Amino acid sequence: MAAYLNRLHHISLHVSRVGNIASDLVSKLKFDLFAARLTDETRQLAFRRGAAVFVVNERPPHGGGGTESLPVTLNGTIDPREGWEAEEETTLDGDTCRRYLYGVDSPPHSNVDTVCNVCFEVRDVERSSRALRDLGCVLLVPPTVVRDGGGEVTYTVVRSIVGNVCHTLLDRSRYEGTFLPGFRDVAAQADASSCPVTHFDHITYACQTKTTAQVMQWYEKCFGFQRFYLHSDEEEAEGYVLKGEGIGLRLTAMEYWKCSKAGMTLSFGGEKEPDCKFVVAESLPGQGSNQINTFLQQHGGPGIQHIGLYTNDIVSTAQEMAEAGVQFFAPPPTYYEEVGKRQEIEAAGHSPERLSRHGILLDTDLRHRAHDQTTADADVRYLLQVFTKPIFAEDTFFLELIERQGASGFGEGNIRALWRSVQAYMEKEREEKGPASIVQRGRH
Ligand SMILES: O=C(O)C(=O)Cc1ccc(O)cc1
Ligand SMILES: [Fe+2]
């Protein structure tokens, strides 16, 4: 393995206008804006909820600076930090300053809004960068040091094998500021939400058919990722395959090298931070328009299709977000009436009516039922999920809320229900607005 990852640091988005997504993240999705870097050329804003951090980077219109002003509330709260020096950036081999700190100037497929950088903390940036280069990886930014009054951070950016995805690897062990050098603190909002989202649970890539094996090998070789079995029916070579009744999907998952868990960062309320898994999703051959193929087409290639946000209480989170205007997919109403579903939901201590109000799906993990006595309530392990509609103008990236009660993979019932809701949504859009409309439609 080339690079030893300590933890996931943040995920970044590249968008044409930071204002839309910034206000959605704050007012609808209950993230807090906590750091910002505003220059003549670009705007970078950092938002967090628990350990989940998003950085939104604004793409300047064809090389010029942005003209649109930020929502006033964001502008007004940036703390000027008396005496805080401006950032200073030097690459270890003497390169120039770049527009986006900790990212790349023009990620491939840069004409659509996209989520394209998963940034990790590593122990040794130079060594990791050298080892990745020796493996033939494309380094988009050589090891670079950024300093301000809070100390210094070294980073490098490597291109992933998946579409437009990049990984920034950084070492912030010599930095004492809130976020990263170059970012200023933004004062906390008084009416901060108590939304119980705690961390990123998983990141799902949409990939081309028959490319999963290559993707898995790349992550294993470069970062020591290991296979994670999503389901008891999963075959090693095949992954978790769902087919029939209109679905044709292959899912394969991985997680970072186990030793990273023994380590270093205890930043999650003093406890070891839970891992974020990576899921590779591809369409089975011969499929028509579906969730994966639509992503590939509208995104302009493979990339991050969705991110699962972990919450301790999905019902209250979905309720708060729905009230704030987040649109969730709802399964067909018959879902909650299917044979055994009501009993399954009630056995897990939930109310079918409350779950159906927000389109929350529940899947029980039957694997452990018969023999596992290790949990207090040994026989019910389940997970709850709900999916937002796409958050950009295209039918590409969406978010998911997930609450796990002992179940670590994904449930077939939930995936099928999601697939059917998305299929119905895409068909309805096509009927209402004609085939070209999905691409041209404005944001929600
Ligand atoms: O179920 C989940 O949350 C997953 O992440 C699996 C998945 C991946 C891709 C899809 O298009 C649908 C489901
Ligand atoms: Fe997911």
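A few points about this structure:
- Taking Ile203, Ile391 and counting other C-beta atoms within 10 Å, the order from fewest to most: Ile203, Ile391
- Net length gained if the chain between Glu126 and Ala324 were fully extended (0.36 nm per residue, minus Cα distance): 66.9 nm
- Amide N of the range 284-303 lying under 15 Å from the label point, which is placed 7 angstrom from the Cα of Val241 along Cα→Cβ: 284-287
- Here the peptides 280-293, 326-339 are ranked by packing, the mean other Cβ count within 10 Å, and the order with the highest first is 280-293, 326-339.
- Pairs from the table (Lys277/Lys428; Lys243/Lys277; Lys341/Lys389; Lys30/Lys210; Lys389/Lys433; Lys277/Lys341) lying more than 26 angstrom apart at Cα are Lys277/Lys428; Lys30/Lys210; Lys277/Lys341.
- Panel order for His14, His199, by other beta carbons found within 10 Å of each beta carbon, from fewest to most: His199, His14.
- By the count of neighbouring beta-carbon atoms within 10 Å, fewest first, Phe228, Phe47 end up ordered Phe228, Phe47.
- With Cα atoms defining each centre, the range 285-332 and the range 14-48 are spaced 20 Å apart in the structure.
- Gained length - Lys428 relative to Glu41, 0.36 nm times residue gap less alpha-carbon distance: 135.3 nm
- For Ser27 and Asp134, a Förster radius of 41 Å and the Cβ-Cβ distance give a FRET efficiency of 0.35, rounded to the nearest 0.05.
- Among beta bridges from DSSP that stay inside the range 121-201, the antiparallel ones total about 95%.
Each reported figure results from applying straightforward, stated rules to the coordinates on display, with no laboratory input. None of the values given here were measured: they were computed from a predicted structure. Note that each Cβ is placed from the backbone with ideal geometry, even for glycine, and that neighbours are counted across all protein chains shown.
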